[in-house]
Amino acid sequence: MRIDHHVPGRHGQANRRALCCLALACAMLLFTGCDGVDDELPAPWASGPAIETAEGTATPYGTGAGQVWVLRPRHGEVKSVVVYLHGFGAYLPFEWHLQWMDHLLANGNAVIFPRFQAGGVGDEVDDAWVVMPLNVEDGLRIGFRALRCDDEPIVAAGFSVGAALAFVYAARADEWKVPAPQAVYSIFPVLPYLIDVGFDVSSLEQTTALILAGANDDVVGREGAETLLKLLTGLPAGLKELRVIGQPGSRNLRRRPRRPDRPAVSTSRRQPGS
């Protein structure tokens, strides 16, 4: 089966470019990446047919909320791995995300796309705002077993609900026995306490964190992004940044002066995708 592109809107275009740039930047780092997979466990069986996209192949593993899609580039070796955690209800990599995914695949990135929400034919629909906390552990463990990556760098990226869950994954990777990401890219995150009242990412000490918020976001607002920045108490200021997207117009990025012990907060007057 082959899926053609669904072209995202202007926000999607900006996020796709930034996601790719972060993944490629991490691929240049001399870190060990996929070193937390238990190689003694057998590779999982696919739970459905593989789907061809413009730049690669997407294969499902597992079912229901524990399902994960593993996307592999069609050409060349895998240079880095992106774990992408979706927004509420957007649990298929072919809806909203396809152009992003193909852009990553074309640049040599494999993608692990956990579903973590039930719903659809044969599944019990869950209201994830009631059934908390969301569980991404099962999908990640299956996804890394299926990918069998070696030492490629890993980036965790997420949107909205997934933007907060990306930090949960980074903080609990060792506990879950999955490879930890070297960087987290958090796009318009919800308030983390909506994900888990015990939300705690204070254990992160060496992970690069970039959080994106909208100055005029009337959906999730800026509270989630600002709260996440405050919760990253274990990260040095130089490893974390909150980037606020402002009004359309100027393309200049204005960075506020900061002390060495304070994280960067920058304001862009450029509208995403403009």
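The values are calculated or read from the model by the stated rules, or taken from the named source; none is laboratory data. Because the structure is a prediction, the values reported are computed rather than measured. Here the Cβ is made from the backbone with ideal geometry for all residues, glycine too, and neighbour counts use every protein chain on show.
Scan the stretch 171-190 for residues that are over 16 Å from Glu205 (Cα atoms) and of a type in the set (Ser, Thr, Tyr) and jot them down.
Within the stretch 171-190, just Ser186 meets the criteria.
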Looking at Leu235, Leu231, which is the one that is out of contact with any helix residue (DSSP H, G or I) (no Cβ under 8 Å at 6 or more places or on another chain), modelled with pLDDT of 95 or more, surrounded by fewer than 24 Cβ atoms within 10 Å (Cβ to Cβ) and among the aliphatic types (A, V, I, L, M)?
Leu235
For the stretch 30-74, give me the residue count where each residue is farther than 17 Å from Phe144 by Cβ, at pLDDT 90 or above and either in a loop (DSSP other than H, G, I, E, B) or aliphatic (A, V, I, L, M) (or both).
9
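From the list Pro189, Pro179, which one is within 11 Å of Leu85 (Cβ to Cβ) and modelled with pLDDT of 95 or more?
Pro189
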Where a residue in the stretch 144-162 is free of Cβ contacts under 8 Å to residues at least 60 places away in the same chain and over 18 Å from Ala58 (Cα atoms) and its partner, wherever it lies, is in a loop (DSSP other than H, G, I, E, B) and hydrophobic (A, V, I, L, M, F, W, C), with Cβ under 7 Å and at least six apart
none
Failed item, numbered, when Val82 is tested on (1) modelled with pLDDT of 60 or more; (2) in a loop (DSSP other than H, G, I, E, B); (3) closer than 20 Å to Gln182 by Cα:
(2)
Those residues of the stretch 194-221 which are touching a Leu at 6+ places or on another chain (Cβ under 9 Å), closer than 16 Å to Gly87 by Cα and not in a loop (DSSP other than H, G, I, E, B), in sequence order:
Ile195, Ile211, Leu212, Ala213
